[in-house]
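Reviewing the structure listed below.
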Amino acid sequence: MKLSTFMALALACAFTAVAHAANIVIGTGTDTSYFVLESPNVGTRTYEIHYTYNSSDPMDSWDLLQIVDSHESDLSIEAFNFGSEESPNWFVNAITWNGSTETGVSEPPYSPSWTQWVSGGQAGFPSASPIGSGTWSSGSGLSIPYRVIEPGSWDALKYSDFTTQPTVTPVPEPSMGVLALAGGLLVIRRRKR
């Protein structure tokens, strides 16, 4: 194998390792969903949340956000319920990160605010983009029946206007094992030539 090919492969793996390290892994279980927080104060934080999916008692975005909140000691959330106690529909009004608070504007044009974005899973109106599509849809609330989490789903809260989507593409990054396997196959293929 040429040295230049080896260096290119090594650099590609190194850059991917750095990008993959940006995910904050939380929890245990056989299934994974993702939650993104993005704002000028928070920056962009992608949480890879592991759990075991139960179709008879599914989780919602509020559940994922509570997992993130319990993991991050520098984070606090102020939310309000547009539903009832029996059937809540939570929306985030303010997030404090490292002592700095970003609060949604409560008068027209209501911007900037913490805007919900979803991909995969089930959502109210509009429906969520399909898992793996790499696209976001605007959310309609953090709670069931407005949002139901399924394995591979993505949720985001972005502090901005209502049209600016998160900068993170809602497609999981390949694991280092998959990249190593691909690199190994490339090396084997090159040796056979």
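All but one of (1) closer than 21 Å to Ile26 by Cα; (2) more than 13 Å from the chain's Cα centre (by Cα); (3) small (Gly, Ala, Ser) hold for Ser61, so report the exception by its number.
Status for Ser61: all satisfied but (2).
Kindly indicate the residue of region 141-193 that is charged (D, E, K, R) and surrounded by 15 or more Cβ atoms within 10 Å (Cβ to Cβ) and also modelled with the lowest pLDDT among those meeting that condition.
Here is the first cut: in region 141-193, the residues charged (D, E, K, R) are 147, 150, 155, 158, 161, 173, 189-193.
From what's left, surrounded by 15 or more Cβ atoms within 10 Å (Cβ to Cβ): 147, 150, 155, 158, 173.
On the way: Arg147: 92, Glu150: 93, Asp155: 96, Lys158: 97, Glu173: 56.
The selected residue is Glu173.
Could you list all residues from region 63-104 that are open to solvent by 60 Å² or more (accessible area, probe 1.4 Å), not in a strand (DSSP E or B) and not charged (D, E, K, R)?
Matches in region 63-104: Gln66, Ser70, His71, Ser73, Phe82, Asn98, Gly99.
The values are calculated or read from the model by the stated rules, or taken from the named source; none is laboratory data. Quick caveat: nothing in here was measured; it's all calculated off a predicted structure. Note: ideal-geometry Cβ built from the backbone for every residue, glycine included; neighbour counts use all protein chains shown. These accessible areas exclude ligands, DNA and RNA; they are computed on the full protein's heavy atoms, side chains included. Shrake-Rupley method; radii C 1.70, N 1.55, O 1.52, S 1.80 Å.
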